[in-house]
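FYI, it's all coordinate maths here, none of it is from the lab. Because the structure is predicted, anything quoted here is derived from the model rather than measured. Every residue, glycine as well, gets a Cβ built from its backbone with ideal geometry; the counts of neighbours run over all protein chains shown.
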2 protein chains.
Amino acid sequence: MLRFDPAEYALRLAKTKESMQEHGVDVLIVPDPANMNYLTGYDGWSFYVPQAVVVILDEEQPLWIGRYQDANAARATTYLEQRNIYAYPDVYVHADILHPMDYVANVVTERGLATRPIGVNMDAEYLSPRGLAALQNNLPDANFVDTGFLVNWVRAVKSQHELDYMDQAARIIEHVMQVAIDAVAPGVRQCDAVGKIYQAQMSGTEEFGGDYPAIAPLLPSGPGTNTPHLTWTDDPFRSDETTILELAACRHRYHVPMARTVHLGKAPKRLEETSKIVVEGIENALAAAKPGALCEEVELAWQRTIQRHGIVKESRIGYSVGLNYPPDWGEHTMSLRPGNKTEIRPNMCFHLIPGLWLEDWGVEISECFRVTEQGAQPFCNFPRQLVIKT
Amino acid sequence: MLRFDPAEYALRLAKTKESMQEHGVDVLIVPDPANMNYLTGYDGWSFYVPQAVVVILDEEQPLWIGRYQDANAARATTYLEQRNIYAYPDVYVHADILHPMDYVANVVTERGLATRPIGVNMDAEYLSPRGLAALQNNLPDANFVDTGFLVNWVRAVKSQHELDYMDQAARIIEHVMQVAIDAVAPGVRQCDAVGKIYQAQMSGTEEFGGDYPAIAPLLPSGPGTNTPHLTWTDDPFRSDETTILELAACRHRYHVPMARTVHLGKAPKRLEETSKIVVEGIENALAAAKPGALCEEVELAWQRTIQRHGIVKESRIGYSVGLNYPPDWGEHTMSLRPGNKTEIRPNMCFHLIPGLWLEDWGVEISECFRVTEQGAQPFCNFPRQLVIKT
């Protein structure tokens, strides 16, 4: 079930170790499921209990440490040798006294690493303060270093094989978005439209099946369009109301998201006009996203566009996207916003989503793109405009 | 959009404050989305950035603190007054220096609570070590107390209105499971079956639409049935292979899960026999789940059954279930396993899932039940057996 060649995992590991050396750590404890997958191939919905991959500078393979009943999943989905798969018994699960990170610390000790400098992302999803304390209490002679989003940064530039999966996800989301637009109609229950969206997300195309996206369909409708992260209700869509569709398709955990806004009936002038400004802003931002540009310069191109039209937006307009698990398809590295000085490089991938949420209405139109030597190249071929269904 | 009467939220808050007093804290910082929903009604897929509800002993309403663009969702989905809704600007999102918990700490200070004892669940989902450090650094005069899963424990006993939502979810999952069983057939791609499952989960019934479950459909098939948390692939189901279906339906964030095992073709004798033992064990465990019994006694009834048949299972056989968000529909309170001395009380709800994952095969049959004065009462009416499709 490995999704990439062993050589690709070896390269990821080599880059990770290079970064570990720059951070001065010999051991890296990685509890984030996307990073675990990236380094070993591990894939399973087991991240509701603590687990980790441990990268050791002077060992060829990382270790996988997880729950006993998930060790078979590690055998099935990773390239790891049996001796590098460690499974903790169920007494560690959701328990008052024992914590899975006690077990992880014991493995680190058993492998003779208890006095080595150890890197951890102190802001990782799926690492709690108690989990960190368990590591530190059991490894009192280790020096813990906050290595931040080290592996996420290694993930920022994609390989051709990763881009292939995102291209496959793009074919799926083009279909999904059309299904969604078709499903939004007066009198249709929102939950029924979402049922069709999910079916399209999973069935994918004839060639490529879909995987579960890291975020549920976001579907603010009617008065809810001023708030981006609402899901759906049993209510029917209504004529003369607007619905925002923020969806993604996922292929082997790689995401391509897309947002569009649908109006049922004659669109209000402010919605039509603002949508055109958003599209103009997207075009200008895409034109600015060339190798060598800084993330903030992409935002500036957008900002200049909307300022000309007297519009203000306080939030970032995009972020790095790719491999992930719930709760986020963003990679927590680059953000397209003022002050972000990260240089844009070929094969970085972004979701450019300059959503506008105003007093009592909103609009979202987005574009997911990769960076090529020539500049931004959208993954999808889908009309970039407000959708009006009369 | 409030899903419960204001009186019900007031009762939940009163119970939470009672428990806070027992723990000796005046302030409780609650970052877990299920607990945020439970206390205020807040519902949105915004938990990929840090956010919190803050309960203050001597104030009537809690505070909601989240991202600026999500404040409209707080206005739309909670009963909170505007003055209790705090929104941090986007510069706090996925940033190197600022952290949303800096902002939370500033609000705590602004409300005059900087020297009061503050409770936090140090093992909460969605609270990172850096998040806790941000709270502690900004509130150096506060005494932080690990109050554990305090709100989760308040959630353990359900109200009638909560049970009503779970009954509605039960109607949905009965339908979903039948759709799933019908969809698993030789030559059908797994991803297409999952598409139909998701559609049924969301469309629900004519009366009740579905919400997204906290866990994706789990669907180990063929050689994968020895591992519980695999999702699906593009591969077709094959004759003479077994598939495990672990699914849930969700209604207003309340879950009723169900697992069944489907075999395509003549079932191997060991699978048929083991399934009968599992069903017998479930019956005995259900009979033991009476008010006043301890959680471990339910597991013992199961254990005695399988021991008679020479079967060994190392993991817990069930857990508290109800309101939740990804990544788990379990509530992280009661586990049905040796050593768990929690007394079973009326209106507690459990997912009894004594999955067996053996060397190279497995079986799962489960039952979600509530506790009544008379004992366990399953939510669903669905044949409790191995499904054989010839």
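Data overview
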read-out: Among A:Glu297, A:Glu110, A:Glu246, residue whose mean-square fluctuation peaks in a GNM of chain A (springs only between Cα atoms under 10 Å); value: A:Glu110
read-out: Tail fraction, Cα-Cα pairs, region B:6-153, threshold 22 Å, whole percent; value: 31 percent
read-out: Potential extension, B:Arg83-B:Lys266 segment - 0.36 nm per residue separation minus Cα distance; value: 59.4 nm
read-out: Inter-copy spacing of B:Ala287 label points, which lie 7 Å from Cα along Cα→Cβ, given in nm from shortest upward; value: 7.8
read-out: Cα-based Kirkwood hydrodynamic radius, chain A, one decimal, Å; value: 22.2 Å
read-out: Convex hull volume per residue in cubic angstrom - Cα atoms of region A:32-92; value: 80 Å³
read-out: Loop sites in region B:324-390: GluC sites (Glu not before Pro), DSSP, at most 12 other Cβ within 10 Å; value: B:Glu359, B:Glu373
read-out: Other copies of B:Pro89: label-to-label distances in nm, shortest first, labels 7 Å along the beta-carbon direction; value: 5.4
read-out: Diffusion coefficient, µm² s⁻¹, Stokes-Einstein with Kirkwood Rh over alpha-carbon pairs of the protein assembly as shown at 37 °C and 0.692 mPa s; value: 123 µm²/s
read-out: Distance in nm between pseudo-label sites at B:Val157 and A:His23 (7 Å out along the Cβ direction from Cα); value: 4.6 nm
read-out: Across the identical copies, how the B:Glu110 labels are spaced - nm, sorted shortest first, 7 Å along Cα→Cβ; value: 5.0
read-out: Cβ neighbours within 10 Å from other chains - mean over A:86-97; value: 4
read-out: Mean Kyte hydropathy of -1.0 or more with a Cα span along the axis of at least 27 Å, helices from DSSP in chain A; value: A:160-183, A:269-288
read-out: Percent of Cα pairs exceeding the 16 Å cut-off, where the set is region A:223-294; value: 65 percent
read-out: Kirkwood Rh, angstrom, region A:160-389 [1 / mean 1/r, Cα pairs]; value: 17.5 Å
read-out: Added length on full extension, which subtracts the Cα-Cα distance from 0.36 nm per residue, A:Glu8 to A:Asp240; value: 78.4 nm
read-out: Zone residues, region A:208-244, relative to A:Asn381, backbone N less than 19 Å from point 7 Å out along Cα-to-Cβ; value: A:208
read-out: Ascending count of other beta-carbon atoms within 10 Å, so fewest first, for B:Glu283, B:Glu241; value: B:Glu283, B:Glu241
read-out: P(r) of region A:246-366 over all Cα-Cα pairs, binned every 10 Å from zero, in whole percent; value: 13, 43, 33, 10, 0
read-out: Chain B: Lys pairs at Cα distance under 21 angstrom, eight or more positions apart or on different chains; value: 13
read-out: B:Lys341 paired with A:Glu373, simple spin-label distance in nm, labels 7 Å along Cα-to-beta-carbon; value: 7.1 nm
read-out: Residue of B:Asp146, B:Asp192, B:Asp234 that the Gaussian network model of chain B assigns the largest fluctuation, springs spanning Cα pairs under 10 Å; value: B:Asp234
read-out: Gyration tensor over alpha-carbon atoms, region A:82-192, equivalent ellipsoid semi-axes in Å; value: 42, 21, 14
read-out: Burial ordering of A:Leu294, B:Leu98, B:Leu218, fewest other beta-carbon atoms within 10 Å first; value: B:Leu98, A:Leu294, B:Leu218
read-out: Neighbour count of at most 16 Cβ within 10 Å plus DSSP loop: longest trypsin sites (Lys or Arg not before Pro)-free window in chain B; value: B:112-237
read-out: Alpha-carbon spread of region A:156-274, three principal axes, descending order, Å; value: 44, 28, 21
read-out: Per-residue Cβ neighbour rank within 10 angstrom, fewest leading, B:Met202, B:Met348; value: B:Met348, B:Met202
read-out: Alpha-carbon centroids, region B:1-76 and region A:12-57: separation in whole Å; value: 34 Å
